[in-house]
Amino acid sequence: MQTDEQLISLVVSIDDREAFSVLVKRHQSALRQFLRRVSGGDYALSDDIAQDSFILAYEKLAQFSNQGSFAAWLRTLAYRRFLRVVQTGASRFECSSDMADLSLKHDDAVEADIAAEKLMQQLIVEHRVALTLSYSEGMSHPEISQITGWPLGTVKSHIARAKQELKRYLERPQQVA
């Protein structure tokens with residue numbers, strides 16, 4: 001199996017579209033998952049931004065510097081696209097606070113993922129992004145800072161505040177429908 005770096009080299013040097021297809025297949029699920037979390041579970045928007053991000057990645061692949069991972073670079077592109085959407089259509093991200101149907105004791109992975117998306121809807125966009133990159137993507141604070149362009153202290157603050165907000169939310173008694 002070829003590494004991302006080998007595939008990127010093939011795309012850049014001989015415009016190998018099959019190599020890029022392998023990169024897309026390798027990274028599309030994780031990118032869509034990231035975008036679903038930061039968008040508060042908007043599947044259609046996540047898919048649209050992911051597709052746009054892969055098109056942009058293909059166009060700019062020669063600019064990829066191998067300073068970090070391809071996955072982190074791709075998330076940077078996707079995050080910037082996401083921000084443009086948020087800035088031009090912020091009302092689309094208004095989330096319902098009605099969470100009466102949320103049960104946190106799920107055995108099924110799909111149900112657990114849905115529950116996580118519903119919880120993430122309770123956070124502001126910046127907190128969703130920071131928490132998702134830190135916990136779902138396993139990125140370090142400096143990597144998050146590089147992707148978002150936030151200072152390191154801001155990254156740490158967003159993560160801490162997001163955790164506090166979620167803790168407060170989970171400690172609140174839930175109304176039963």
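The values are calculated or read from the model by the stated rules, or taken from the named source; none is laboratory data. Keep in mind that what you see is a predicted model, and the values were worked out from it rather than measured. In this analysis, Cβ positions are derived from the backbone assuming ideal geometry, glycine residues included, and neighbour counts consider all displayed protein chains.
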Q) Looking at (1) modelled with pLDDT of 95 or more; (2) out of contact with any Leu (no Cβ under 6 Å at 6 or more places or on another chain); (3) not aromatic (Phe, Trp, Tyr), which is the only condition Ser91 fails? A) (1)
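Filter the range 36-75 down to residues that are among the hydroxyl-bearing types (Ser, Thr, Tyr) and buried (at least 18 other Cβ atoms within 10 Å of the Cβ) and give me whichever is farthest from the chain's Cα centre (by Cα). Walk me through how you get there before you give the answer.
From the range 36-75, those among the hydroxyl-bearing types (Ser, Thr, Tyr) are 39, 43, 46, 53, 58, 65, 69; that's our starting set.
Add one more test, that the residue is buried (at least 18 other Cβ atoms within 10 Å of the Cβ), and what stays is 39, 46, 53.
Details: Ser39: 8, Ser46: 9, Ser53: 12 Å.
The extreme case among them is Ser53.
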Q.
For the range 109-172, give me every one of the helices (runs of 4 or more DSSP H) that falls completely inside it and has 3 or more residues that are out of contact with any Asp or Glu (no Cβ under 8 Å at 6 or more places or on another chain), of a type in the set (D, E, K, R) and loosely packed, with under 15 Cβ neighbours inside 10 Å.
A. 152-171
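Kindly establish whether Arg172 is farther than 13 Å from Val38 by Cα and modelled with pLDDT under 95.
Working: farther than 13 Å from Val38 by Cα: yes; modelled with pLDDT under 95: yes.
For Arg172, the condition - farther than 13 Å from Val38 by Cα and modelled with pLDDT under 95 - is met.
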Q.
Cβ-Cβ distance below 7 Å, separation of 6 or more or different chains: which pairs start in the range 128-144 with a residue that is over 15 Å from Ala116 (Cβ atoms) and end on one that is of a type in the set (S, T, N, Q) and part of a helix (DSSP H, G or I)?
A. Ile144/Ser134
(Q) Just to verify a result, which residue in the range 19-35, among those that are farther than 23 Å from His127 by Cα and hydrophobic (A, V, I, L, M, F, W, C), is surrounded by the most Cβ atoms within 10 Å (Cβ to Cβ)? (A) Leu23
